[in-house]
Amino acid sequence: MSDVTLQIDGKQVAAPAGATVLDAASAAGIVIPTLCHHERLAPFGGCRLCVVELESRGQHRLVASCAHPVEPDLVVRTRSDKIDRIRKSLVELLLAHAPDSTRLKELAREYGADRDRFEPAEGFCVHCGLCVRYCAEIKKLHAVGFIDRGIRKEISFLPEIASRECAGCKECFPLCPTSYLQAAYVLVEALAFPPPPSTR
Amino acid sequence: MSRVEQRLTSRDALEQAIRTAASRRDPKKRTISTCGGTGCLACEATDVITAFRDELEKQGLTAEVEFRSTGCHGFCEKGPIVVVDPEETCYLQVTPKDVPEIVSQTIRAGKVIDRLLYVDPLTGAKSVRESDIPFYKNQKRIVFGPNRKIDPQRIEDYLAIGGYRALAKALFDLSPDEIVAEVKASKLRGRGGAGFPTGVKWEFTQKAPGDTKYLVVNCDEGDPGAYMDRSLMEGNPHSVIEGVLIGAVAVGSHEGYVYVRQEYPLAVKNLGIAIEQAEELGLLGKDILGSGFEFHLKVHRGAGAFVCGEETALLMSLEGRPGEPRPRPPYPAVRGLWGKPTNINNVETWANVPLIINEGSAAFASIGTETSKGTKIFSLVGKIANTGLVEVPMGIPLRDVIFKIGGGIPGGRKFKAMQTGGPSGGCLPEALLDLPVGFDELTKVGSMMGSGGMIVMDDATCMVDVARYFVDFLTEESCGKCVPCREGLRQMHRILTRITQGKGRQDDLAALEQLSETAVEASLCALGKTAPNPFLSTLRYFRDEYEAHINEKRCPALSCKALISYYIDPARCRACMICLKKCPTQAIDGGKKRIHVIDQAKCTNCGTCLEVCPAKFDAVRKLSGVPVPPPPPDDQRTIAGKANEP
Ligand SMILES: Cc1cc2nc3c(=O)[nH]c(=O)nc-3n(C[C@H](O)[C@H](O)[C@H](O)COP(=O)(O)O)c2cc1C
Ligand code: SF4
Ligand code: SF4
Ligand code: SF4
Ligand code: FES
Ligand code: FES
């Protein structure tokens, strides 16, 4: 595919058509923070940490760089006071769920986020969907999924599938930015999976 | 009336059918139109309709009198509504018992029945004709008006008012490009929320590469209290179908879907009947009107979440996937339903299209403001005398909608704010009432057109609590996919709740503003992007109320329960003992000839005493932000003279 030229943080960058702004930035060595993005998964656009400012026809707007396709002559800024302010708030909102997450603590340092800014929110899961999407898109197993909707949405292992598949896979575990996934798995395992015969 | 049953295989055949249908309608013939819309059906309209059919039969008038059960007339609050033509006599709140009298008096003897007429609550003046009622008089009902003229279950009725003529024009007189140009020139903008220029959107889909293209009608209508799309779909489904067909010719689509909210059974039914009848007549399906053009329309019943009205979520839901928005671009015009170019418009948008093609873009564009053309249907509710669906020309001042059409604020109260645009719209103060209604006009002042909700609030409304209420609704409706909306709204709701409970902190407003910026700028879809509007607009126009709550623990509207106290004014209490008996927590101390006193420790702020204290005594007060005065000393609590009388 033909290349598209755009400008990121003042640098001229070429990227193949169909690439995302995040892809183009990474290729040029420009780091944009991400949380819900994974190279092998379809763009999701949930955490919004990767927001960048686009300038086109004199208008500025923020978009999620992990889901926004490159366009010719796009002018992109990956940092500004506004972007930093928004990333700081996002991290603070996430810290209300998972104050001990290593990845979030790292981001908190970078953006000066206060882990006690907001009242604690229930549940460690930050709904990045990495586990669910990885299992569905890469493993095609759907052993873990979301249940309920909106603010009450939760991840849940499907015991019939998980008991068969997860013990030998666990590929999603390292993807989770919090410790929730493993905890949830351990719980389901204890409650629902019969111990394999060898351990008896 | 006998049905037109033959397939219409040419434009001439359509013209013939229109002439036949129209000729069966003698304008001098007595016609009774009874509203059979959902609102009226909720108050006995079915019985009224049956009673009319029986009575006309009984009095042998079925041939002489045309009877029609129609869709919503808009003034649902006063339903069931009956209009007798040609005199246009309008009867409100008709019951089955009134029917024999209407038939013998109005139909036979030509007399008006006074007690069924509209009475102006302010002047006491009565209106006989529908168009003399202030509620209707100040409207411009070009899209919604035909509802009264047709029985939505009879395609002949739609043909009788020239229905499907615009389709014929689109098929035989105009090229697809000319149709798009016409819609562009009309400057019609989407009525579903974002106000995107319809013609421009059609052009995107038309130009998008691909052979298969879909059209979608958005009839999800999730705004609580809004029902204009339902009423159009129930009352005039053919106008929507005709609009879609014209769009199909323009963009080159052969298949469309109507996504109807699950809770709209009558809309689904009437739409289904309309599609069937249109298919029978060759107005839908293969070789439409002998032109060779083919288009199929299917109905899909939606699962009902508010966010499913958002176009990308709606398409997901149509595909049978969870109704969550996805990032745009790609826009549906390029990659929509099943990956194909898809043009999605709101019900009201589609219903405007035949009008534009029939009357021409110039006529349409002659109504409205520079950037907002035509009319808009609003659902006018809240603290207002006349509630209902109103269609007004763009550019009309808000003040006229509230006072001329809506009849002002009832109960001797004062206007305080008007919320436009649905749950994520903004609240506008009195000072902005001369603002002309329009997309950009409303956005500029921190509100929006949305799909056309208008909620009027009086001076007893607390604006902080209003913001809390809408943010609560939106938090519940967030699909949960993105952080600024799901987490941000959750925290905003917590903070707003805290403020209304008198636990607000000095840094709360800054936190709310920061969360608002995050949601507006960084949310994935327009739900999150607009959700802070109720907060931002109330902060902009009613900041003093926030400050009173936070700094003085005072609710200026005397509405927030945690911030008010009930108090009996010793100078006014006449010891009638009514409140004492009614207080559910026995918090009132009193007795014969003894001034009553509320024990603040026992009082739960239920407000019963205020409600029951006789107006002539008017002794109970609400206080906020001030200490409750101590009760009079015991020896001064006896009322001299006769108790019970002022
Ligand atoms: C949360 C949310 C809810 C929406 N609900 C509706 C709806 O109920 N009906 C509708 O027509 N558009 C709704 N929209 C707007 C649609 O996304 C879309 O803009 C519209 O259907 C396009 O049609 P139009 O151009 O004719 O307005 C909603 C948007 C959002 C963000
Ligand atoms: S469990 Fe972990 S990986 Fe899965 S959605 Fe939650 S935070 Fe993301
Ligand atoms: S803004 Fe809200 S409704 Fe829209 S995608 Fe994000 S979480 Fe879902
Ligand atoms: S109802 Fe009013 S007048 Fe009667 S006892 Fe109570 S406060 Fe006094
Ligand atoms: S990384 Fe882009 S939205 Fe999460
Ligand atoms: S439903 Fe009868 S007037 Fe609206």
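The values are calculated or read from the model by the stated rules, or taken from the named source; none is laboratory data. Worth saying up front: this structure is predicted, and the values here are computed from it rather than measured. Ideal geometry is used to build each Cβ from the backbone, glycine not excepted, and the neighbour counts take in all protein chains shown. Ligands, DNA and RNA are excluded from the accessible area calculation, which covers all protein heavy atoms including side chains. Shrake-Rupley method; radii C 1.70, N 1.55, O 1.52, S 1.80 Å.
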request  = Heavy atoms only, probe 1.4 angstrom, no DNA, RNA or ligands counted: give me B:440, B:634, B:458 ranked by accessible area, highest first.
outcome  = B:634, B:440, B:458
note = the range A:120-194 accessible area per residue, 1.4 Å probe, protein heavy atoms, integer Å², reads 53
remark   = Heavy-atom accessible area of chain A with neighbours in place, 1.4 angstrom probe: carbon+sulfur share in percent works out to 52
note = Within the range A:5-79, the percent of DSSP beta bridges that are antiparallel, given to the nearest 5, stands at 90
Chains A and B together, accessible area buried on both sides, 1.4 angstrom probe, square angstrom = 2800
ask   = In the range B:375-458, what percent of the accessible surface is made up of carbon and sulfur (1.4 Å probe, ligands and nucleic acids excluded)?
value = 58
remark   = Accessible-area loss of at least 30 Å² (1.4 Å probe, chain alone to full protein assembly) applies in the range B:478-510 to B:481, B:483, B:486, B:487, B:490, B:491, B:494
query = Over the heavy atoms of residue A:60, what accessible area does a 1.4 Å probe trace out, to the nearest 10 Å²?
reply = 110
note = Residue by residue through the range B:614-631, the couplings from Karplus 6.51 cos²θ - 1.76 cosθ + 1.60 with θ = phi - 60°, in Hz, x for Gly and Pro, are x, 4, 5, 8, 6, 9, 8, 10, 9, 10, 8, x, 10, x, 6, x, x, x
ask   = Scattering from the C-alpha atoms of the range B:463-551 alone, worked out with Debye: what is log10 I(q)/I(0) at q = 0.17, 0.23 1/Å?
value = -0.59, -1.06
task = Among the trypsin sites (Lys or Arg not before Pro) in the range A:14-95, which ones are in a DSSP loop with at most 10 other Cβ atoms within 10 Å of the Cβ? Mind listing them?
result = A:40, A:57
key: Cα point-scatterer Debye curve for chain B, base-10 log of I(q)/I(0) at q = 0.06 Å⁻¹   = -0.40
message = Only four residue types carry charge here, +1 at the Cβ of Lys and Arg and -1 at the Cβ of Asp and Glu. Report the dipole size of chain B about the Cα centre in Debye, rounded to the nearest 20.
response = 1500
message = As a test of reading the structure, rank A:146, A:124, B:135 by solvent-accessible area (1.4 Å probe, protein chains only), most first.
response = A:124, A:146, B:135
inquiry  = What distance in nm separates the two pseudo spin-label positions at residue B:589 and residue B:6, each 7 Å out from Cα along the beta-carbon direction?
reply    = 9.2
query = Over the range A:47-108, what lengths in whole Å, largest first, do the semi-axes of the equivalent ellipsoid take, defined as the square roots of 5 times the eigenvalues of the alpha-carbon gyration tensor?
reply = 27, 11, 8
note = In whole Hz, the Karplus estimates of ³J(HN,Hα) for the range B:575-581 (6.51, -1.76, 1.60; θ = phi - 60°; x where Gly or Pro) are 6, 7, 6, 5, 5, 4, 6
inquiry  = Taking the 0 to 90 degree range and rounding to the nearest ten, how far is the long axis of helix B:508-522 tilted relative to the main principal axis of chain B, both from C-alpha atoms?
reply    = 10
Distance violations [Cα-Cα > 30 Å] among B:169/B:404; B:140/B:561; B:126/B:376; B:416/B:553 = B:169/B:404; B:140/B:561
task = Please give the solvent-accessible surface of residue B:295 in Å², to the nearest 10, using a probe radius of 1.4 Å with every protein chain present.
result = 0
task = Please go through the range B:195-290 and write out the trypsin sites (Lys or Arg not before Pro) that DSSP classes as loop and that have at most 16 other C-beta atoms within 10 Å.
result = B:286
note = Within the range A:51-138, DSSP-loop GluC sites (Glu not before Pro) with at most 11 other C-beta atoms within 10 Å are A:122
query = Angle, helix B:11-23 long axis vs. longest principal axis of chain B, Cα atoms, 0 to 90°, nearest 10?
reply = 50
query = Share of antiparallel DSSP beta bridges in the protein assembly as shown, in percent to the nearest 5?
reply = 65
inquiry  = Run the numbers for residue B:47 and residue B:572: contour at 0.36 nm per residue of separation, minus the present Cα-Cα distance, in nm.
reply    = 184.0 nm
task = Treating cross-link reach as a plain straight distance, find the lysines whose alpha-carbon is under 27 Å from the alpha-carbon of residue A:82, omitting any fewer than eight places away in the same chain.
result = A:11, A:105, B:444, B:481, B:529
request  = Compute the Rg to Rh ratio over the range B:516-646 from the alpha carbon atoms, using the Kirkwood formula for Rh, and round to two decimal places.
outcome  = 1.20
By accessible area with a 1.4 Å probe, ligands and nucleic acids excluded, highest first: order of A:93, A:175 = A:175, A:93
task = In whole Hz, with x marking every Gly and Pro, tabulate ³J(HN,Hα) for the range A:13-28 from phi via Karplus 6.51 cos²θ - 1.76 cosθ + 1.60, θ = phi - 60°.
result = 10, 9, 9, x, 4, x, 6, 8, 4, 4, 4, 4, 5, 4, 4, 8
query = With heavy atoms of protein chains only and a 1.4 Å probe, what residues of the range B:511-528 have at least 10 Å² less accessible area in the full set of chains than alone?
reply = B:511, B:514, B:515, B:517, B:518, B:521, B:522, B:524
request  = Ignoring everything but the protein chains, give the 1.4 Å probe accessible area of residue B:140 in square angstrom, nearest 10.
outcome  = 80
request  = Starting from the coordinates of the alpha-carbon atoms of the protein assembly as shown, obtain the Kirkwood hydrodynamic radius over all distinct pairs and give the value in Å to one decimal.
outcome  = 30.4
request  = Starting from the Cα gyration tensor of the range A:1-146, take the square roots of the eigenvalues, sort them a ≥ b ≥ c, and report rounded, prolate or oblate (rounded when a/c is under 1.5, otherwise prolate if a/b is larger than b/c, else oblate).
outcome  = oblate
Shape of the range A:130-192, Cα gyration tensor, a/c cut at 1.5 = rounded
request  = Return an integer: the convex hull volume of the alpha-carbon atoms of the range B:375-458, in Å³ per residue.
outcome  = 72
note = The distance between the Cα centres of the range B:205-244 and the range B:245-323, in whole Å, is 7
request  = Positive end of the charge dipole of chain B (Lys, Arg +1 and Asp, Glu -1 on Cβ, about the Cα centre): tell me which of B:41, B:193, B:164 has its Cα farthest that way.
outcome  = B:41
request  = Taking H placed 1.01 Å from N in the peptide plane, check which residues at least 5 places from residue B:378 or on another chain put their amide H under 5 Å from its amide H.
outcome  = B:390, B:391, B:392
query = Could you state the number of Å between the C-alpha centres of the range B:361-408 and the range A:127-146?
reply = 49
request  = Take every DSSP beta bridge with both residues inside the range B:24-132 and express the antiparallel ones as a percent of the total, to the nearest 5.
outcome  = 65
ask   = Taking residue B:201 as the anchor, which lysines have their alpha carbon closer than 16 Å to its alpha carbon, excluding any fewer than eight residues away along the same chain?
value = B:184, B:187, B:213, B:340
query = By how many nm would the segment from residue A:28 to residue A:40 lengthen if fully extended, with 0.36 nm per residue of separation less the alpha-carbon distance?
reply = 2.4 nm
key: Residues in the range B:110-145 that a label on residue B:101 would reach, taking backbone N under 11 Å of a point 7 Å out along Cα→Cβ   = B:113-117
Cα-based Rg and Dmax for the range B:11-164, where Dmax is the largest Cα-Cα distance (Å) = 15.6, 53
With every protein chain in place, the range B:502-645: carbon and sulfur % of accessible area (1.4 Å) = 52
